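Working notes, structure below.
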Amino acid sequence: MNEPRPQPDAAVDVVELRIPCKPEFVAIARLAIAAVAHRLSYSMDEIEDLKLAVAEACTNAIQHASESPAIDIRCELTDDELSVRVRDFGRGEMPEIRSRPLDEPRVGGLGVFLIRALMDDVTYDMHPGQGTELVMVKRHATEPTG
């Protein structure tokens, strides 16, 4: 029997999505975040930024946690911001997550750079043996539409 989930604070709306940890499902995450951001009246440019950041986060999870059966995406909407949590269920043993200078010659590694450039706040939480969670925050000044 499933236990009831705790109810979120009345000022926070929550949208959750679980996708398989496979590249062909990243488009679904992009569409979902676009719908959520549109609901909050983000500009088209901000929506595109959110879509790209979420796609990069999911792609990183797929590349670094290929043994994870799924990726959980949790959006928390408030009057001031959209917080997006992307969590995989891999080993959670990535050595060091950091962005790199653009002039550093190597392939890959731009995902973290893009995420940090597009979002207002970015944090990682690694759980050894249980996965990695990336939390991205995009603030906004407009009121949600009714």
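Computed extension gain for Ser66 through Gln130, at 0.36 nm per residue and net of the alpha carbon distance, reaches 21.7 nm. Translational diffusion of the stretch 13-139 was estimated from the Stokes-Einstein equation, with Rh taken as the Kirkwood radius over Cα pairs; at 25 °C and 0.890 mPa s the coefficient is 168 µm²/s.
Bear in mind these aren't lab numbers, they're just calculated from the coordinates by the rules spelled out. As the structure is a prediction and not an experimental result, all values here were calculated from the model.
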